[in-house]
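The values are calculated or read from the model by the stated rules, or taken from the named source; none is laboratory data. What you see is a predicted model, and the numbers here were worked out from it, not measured in a lab. Cβ placement follows ideal geometry from the backbone for every residue including glycine, while neighbour counts extend to all protein chains displayed.
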Amino acid sequence: MNSPEIFERLFFQALRIRLVEERIIELYPSDAIQSPVHLSIGQEAVAVGACEPLTNQDLVFCTYRSHAFYLAKGGNLNEMFAELYGKITGCARGKAGSMHLAAPEVGLMGASAVVASTIPHAVGAALAAKRLNKKQVIVGVFGDGATEEGVYHESLNFAALHRLPVVFLCENNGLAVHSYQKARQSFEISGHAQSYGLPVHHITEGYDFVKVAGVMSEIIDHVRTDQAPAFVEIQTCRYKEHVGPGEDFSCGYRNIEEFQEWKQHDPLEQFPKLVETFRPMILKEIDAAIDFAERSPFPSIEELLCDVV
Ligand SMILES: Cc1ncc(C[n+]2csc(CCOP(=O)(O)OP(=O)(O)O)c2C)c(N)n1
Ligand SMILES: [Mg+2]
């Protein structure tokens, strides 16, 4: 797992996600993007490392903060920008926006604005996969805040009891909107998950995509072979405000030193020459995706009323 080729390949993917989101920041004031955006800038290595060992048959269910997982799992960039623009060519025909991206053709099954709501979806898919003997691995991604929801605990219990092939992946950025984890939780996430009898892994270097990919590879092999669940908590750092394109350090709720310390480890900050090598190729792809989105039509009234409850 630790070769220069792998480092560069994962670096490219992480940089691609960051440059896509930086373009979203640039575009946002124009109002061309019609939905709220929860950016993953700072958290890219979690998605890139976690998706590295997955096949297109393995399924990922994630949250409203999922541009990174959508792209790391192989979701189409043109369809992502078209979805953000509310266009008919978007991955949900322009009706879902940033918080509900999906690319089922590559196993990105969906995202939801409702905290913790896709965790039981992942467990249900794992139950189906096991019954149908598909040897798939299902990954349920959620934030630290989601571990305070009842359905999170019900899901861990059910998956452990029935030995389902699901990885619970907690993307722990230490924040839920404007609230620190310590101000909200009387328990410790990994320690508590262990009480369900799951194997638990805790990665503190969530900026290190090679490390995340290595640990995830072992976990996924185990889940696929044993057809039993596992849990992984990955520490990470959200660089931007909870929702929207800006920063919010001036609000006073965040510790700016923690953020600056994290950036010292972030490969995308630490290897500017590699950034410059890959940037032109990625920007070309982004320009083409935006052109595609801009040229695409909006959905008709009939289309807008179709497939919505
Ligand atoms: C069931 C539910 N409760 C509350 C909210 C409001 N809300 C939106 S995001 C969020 C914070 C979630 O934090 P976390 O799970 O850590 O994810 P992060 O935003 O940090 O990625 C909350 C409370 C919601 N969308 N759904
Ligand atoms: Mg969080």
(message) I'd like to check something: does segment 109-130 contain any residue that is over 18 Å from the mean Cα position of the chain (by Cα) and in a loop (DSSP other than H, G, I, E, B)?
(response) no
(request) Could you name every one of the helices (runs of 4 or more DSSP H) located completely within segment 38-85 that has at least 1 residues being of a type in the set (V, I, T), surrounded by 24 or more Cβ atoms within 10 Å (Cβ to Cβ) and at pLDDT 95 or above? (result) 44-51
(request) Could you tell me which numbered condition G42 fails, if it satisfies all but one of (1) farther than 24 Å from I290 by Cα; (2) out of contact with any Gly (no Cβ under 6 Å at 6 or more places or on another chain); (3) within 16 Å of ligand 2 (Cβ to nearest atom)? (result) (1)
(request) Taking S3 as meeting all but one of (1) touching a residue at least 12 places away in the same chain (Cβ under 8 Å); (2) over 21 Å from A116 (Cα atoms), write down the number of the exception. (result) (1)
(request) Of all residues in segment 129-146, count the ones that are more than 14 Å from ligand 1 (Cβ to nearest atom), of a type in the set (A, V, I, L, M, F, W, C) and surrounded by 21 or more Cβ atoms within 10 Å (Cβ to Cβ). (result) 4
(request) Return the residue satisfying two criteria in turn: it lies in segment 103-128 and is touching a Leu at 6+ places or on another chain (Cβ under 8 Å) and farther than 18 Å from V48 by Cα, and of such residues it is nearest to ligand 1 (Cβ to nearest atom). (result) A122
(message) Show me the helices (runs of 4 or more DSSP H) entirely contained within segment 195-309 in which 1 or more residues are modelled with pLDDT under 95.
(response) 256-263, 301-304
(message) Please pick out the residue among E149, E171 that is of a type outside the set (A, V, I, L, M, F, W, C), touching a strand residue (DSSP E or B) at 6+ places or on another chain (Cβ under 7 Å) and within 16 Å of ligand 1 (Cβ to nearest atom).
(response) E171
(message) Of everything in segment 93-108, what is part of a loop (DSSP other than H, G, I, E, B) and either surrounded by fewer than 18 Cβ atoms within 10 Å (Cβ to Cβ) or of a type in the set (K, R) (or both)? Give them in sequence order.
(response) R93, K95
(request) Would you mind finding the one in L108, L54, L59 that is in contact with a Cys (Cβ under 8 Å, 6 or more places away or on another chain) and under 22 Å from L127 (Cα atoms)? (result) L108
(message) Kindly evaluate V177 against the criterion of being surrounded by 16 or more Cβ atoms within 10 Å (Cβ to Cβ) and under 26 Å from E21 (Cβ atoms).
(response) no
(request) State the number of residues belonging to segment 26-73 that are away from ligand 1 (no atom under 16 Å from the Cβ), under 12 Å from the mean Cα position of the chain (by Cα) and touching a residue at least 24 places away in the same chain (Cβ under 8 Å). (result) 4
(message) For segment 152-168, give me each residue that is within 16 Å of ligand 1 (Cβ to nearest atom) and closer than 18 Å to V60 by Cβ.
(response) Y152, S155, L156, F168
(request) Give the residue that is farthest from ligand 2 (Cβ to nearest atom), with candidates limited to residues of segment 126-184 that are basic (K, R) and without any contact (Cβ under 8 Å) to a residue 40 or more places away in the chain. (result) R131
(request) Residue by residue through segment 174-219, note down the ones that are under 18 Å from Y152 (Cβ atoms) and among the aromatic types (F, W, Y). (result) F187, Y196
(request) Would you be able to say whether some residue in segment 200-215 is within 30 Å of N133 (Cα to Cα), within 16 Å of ligand 2 (Cβ to nearest atom) and in contact (Cβ under 8 Å) with a residue 12 or more places away in the chain? (result) yes
(request) Look at G86 and say whether it is closer than 16 Å to A289 by Cα and small (G, A, S). (result) yes
